[in-house]
Amino acid sequence: MRIDVVSIFPAYLEGLKLSLIGKAIEQGLLDLTVHDLRDFTFDRHRTVDDSPYGGGAGMVMKAEPWALALEHILGEGTGEATKPILIVPSPAGEVFDQRIAEELAHTEHLTFACGRYEGIDQRVLDWAGQSFEVRPMSIGDYVLNGGEVASMVMIEAVSRLIPGVIGNPESLTEESHEDGLLEYPIFTKPATWRGHDVPEILLSGNHAAIARWRRDRRLERTAEVRPDLLTGLGDLDARDREVLDRFESGDGTVTE
Ligand code: 6GU
């Protein structure tokens, strides 16, 4: 997969070269290029912003450096079969989630346009629609100072889903959000720590019982902290419904 990022703070993105994502780059699974927007300016001050038409607080990112940067990225094209996707991090975008991460992980080429100040001149995004599939994207309902951190969040969420990036693909199937539920609680040695015991069933070696126990805990945890996720769940078996009913009626956890 190819990922390009355009930013006035390319150093922010250096963090992606650490850890698993860095390894994926070294192995050629991910081709990540970070471009400095100021390299596409030609005045002495390398200006990327100006005051907003219509007035108001703050500054707006000028159109031309963005157009040149995006044209540069398109010019390095590798004969892709589909339009590359242009992700524009913005608190006004569609909310990014695991489903979108999965969708993006199956694409060939992503470009992230990290805005700063009040944002980018709207005409850039309209113009870019000729060559890119433009997707304004928010990572949650709060405001950041720019798109860099949001881009890093989305790049990490997407690239760990590229086949080969995570050594043990099974670890992808048992994590939070994988099938709409949060993760079960996990424990490691020692079996008793400062007077707290690991749940006995996990020491039993009974794999079917452990799997059921874990699913029960996922259902309860989701009902407790993210009840909004329960409405989107697919097939629930009779036991699932029993666990959720008991949780709702306040009868506590199902242990038998
Ligand atoms: Cl994607 N960008 C910015 N600047 N702020 C945000 C955001 C993105 N998502 C939430 N807040």
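The values are calculated or read from the model by the stated rules, or taken from the named source; none is laboratory data. Predicted model, so just to flag it, every value in this text is computed and none were measured. As a convention, Cβ positions derive from the backbone with ideal geometry for all residues, glycine included, and neighbour counts pool all protein chains shown.
Scan segment 77-88 and tell me whether some residue there is in contact with a Gly (Cβ under 9 Å, 6 or more places away or on another chain), surrounded by fewer than 17 Cβ atoms within 10 Å (Cβ to Cβ), assigned by the TED database to the domain that holds Asp4 and more than 22 Å from Pro163 (Cα to Cα).
no
If you go through segment 224-240, how many residues are more than 23 Å from the chain's Cα centre (by Cα) and surrounded by 12 or more Cβ atoms within 10 Å (Cβ to Cβ)?
Result for segment 224-240: 3.
One line per residue, one yes/no per condition, for (1) closer than 22 Å to Gly79 by Cα; (2) part of a loop (DSSP other than H, G, I, E, B); (3) within 8 Å of the ligand (Cβ to nearest atom):
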{"residue": "Gln130", "(1), (2), (3)": "yes, yes, no"}
{"residue": "Asp141", "(1), (2), (3)": "no, yes, yes"}
{"residue": "Met152", "(1), (2), (3)": "no, no, no"}
{"residue": "Ile155", "(1), (2), (3)": "no, no, no"}
{"residue": "Val165", "(1), (2), (3)": "no, yes, no"}
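Restricting to segment 52-100, give me the number of residues that are part of a loop (DSSP other than H, G, I, E, B) and either within 21 Å of Val143 (Cα to Cα) or within 16 Å of the ligand (Cβ to nearest atom) (or both).
Residues that pass the stated criteria total 7.
Do you know which residues across segment 202-242 are assigned to a loop (DSSP other than H, G, I, E, B) and touching a Gly at 6+ places or on another chain (Cβ under 7 Å)?
Gly232, Leu233
For segment 43-71, which residues satisfy the criterion of being under 29 Å from the mean Cα position of the chain (by Cα) and charged (D, E, K, R)?
Selection gives Asp49, Lys62, Glu64, Glu71.
Mind telling me which of the residues Leu104, Leu74 ends up being among the aliphatic types (A, V, I, L, M), farther than 21 Å from Gly146 by Cα, touching a strand residue (DSSP E or B) at 6+ places or on another chain (Cβ under 8 Å) and at pLDDT 95 or above?
Leu104
Restricted to segment 117-133, and to residues that are of a type outside the set (Asp, Glu) and either crowded, with 20+ Cβ neighbours inside 10 Å or in contact with a strand residue (DSSP E or B) (Cβ under 7 Å, 6 or more places away or on another chain) (or both), which residue is farthest from Lys62 (Cα to Cα)?
Phe132
Look at Ile3 and say whether it is over 20 Å from Gln122 (Cβ atoms), modelled with pLDDT under 95, of a type in the set (A, V, I, L, M) and in contact with a helix residue (DSSP H, G or I) (Cβ under 7 Å, 6 or more places away or on another chain).
For Ile3, the condition - over 20 Å from Gln122 (Cβ atoms), modelled with pLDDT under 95, of a type in the set (A, V, I, L, M) and in contact with a helix residue (DSSP H, G or I) (Cβ under 7 Å, 6 or more places away or on another chain) - is not met.
Considering Asp141, Asp97, Asp121, Asp126, which residue is touching a Phe, Trp or Tyr at 6+ places or on another chain (Cβ under 9 Å) and of a type in the set (Asp, Glu)?
Result of the check over Asp141, Asp97, Asp121, Asp126: Asp121.
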